[in-house]
Amino acid sequence: QVRLVESGGGLVQAGGSLTLSCVASGSIGSISDMAWYRQAPGKQRELVARITRGGSTNYADSVNGRFTISRDNAKNWVFLQMNSLTPEDTGVYYCNVVDRPNDYWGQGTQVTVSS
């Protein structure tokens, strides 16, 4: 079993920045993809950013150019640097990792952007 612990959420004003962190621990094999998803109130969970083990990334159009995902393969960390935040970025952010054949989810961390 793999356990994910997220941190770094909080309340920030529009235009501000936050960095989310997530660390994986437990019976880790070889983590492939790591990602951040978010879920806004009343909406479905959506992919925000994904990074492969080799460092290839992809982003949701709504965050491209503002958010940066990175990872530390040796220590099983994944980060999400979020800049120029808007109220539309408000939601619960979830860390997701793939350790085939399983994928795992964190408990979520709240990000609230005030206008």
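The values are calculated or read from the model by the stated rules, or taken from the named source; none is laboratory data. All figures in this text were calculated on a predicted structure; none of them were measured in a lab. Cβ coordinates were reconstructed from backbone atoms using ideal geometry, including for glycine residues, and neighbour counts include every protein chain displayed. We work out accessible area using only protein heavy atoms, side chains counted, and drop any ligands, DNA or RNA first. Shrake-Rupley method; radii C 1.70, N 1.55, O 1.52, S 1.80 Å.
Values computed for the structure shown
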read-out: Residue among Val113, Val78 that alone is modelled with pLDDT of 95 or more, in contact with a Ser or Thr (Cβ under 6 Å, 6 or more places away or on another chain) and of a type in the set (Val, Ile, Thr); value: Val113
read-out: Unique residue being over 18 Å from Gln110 (Cβ atoms) and under 11 Å from the mean Cα position of the chain (by Cα) when the list is Thr57, Thr52, Thr68; value: Thr68
read-out: Odd one out for Ser32, checked against (1) over 14 Å from the mean Cα position of the chain (by Cα); (2) surrounded by 13 or more Cβ atoms within 10 Å (Cβ to Cβ); (3) small (Gly, Ala, Ser); (4) on the phi > 0 side of the Ramachandran plot; value: (4)
read-out: Spans of strands (runs of 3 or more DSSP E) in segment 65-115 with at least 3 residues free of Cβ contacts under 8 Å to residues at least 24 places away in the same chain and open to solvent by 20 Å² or more (accessible area, probe 1.4 Å); value: 67-72
read-out: Residue count, segment 1-29 (criterion: under 22 Å from Thr52 (Cβ atoms), open to solvent by less than 30 Å² (accessible area, probe 1.4 Å) and in a loop (DSSP other than H, G, I, E, B)); value: 0
read-out: Tally of residues being among the small types (Gly, Ala, Ser), open to solvent by less than 20 Å² (accessible area, probe 1.4 Å) and either in contact with a Phe, Trp or Tyr (Cβ under 6 Å, 6 or more places away or on another chain) or on the phi > 0 side of the Ramachandran plot (or both) across segment 35-55; value: 1
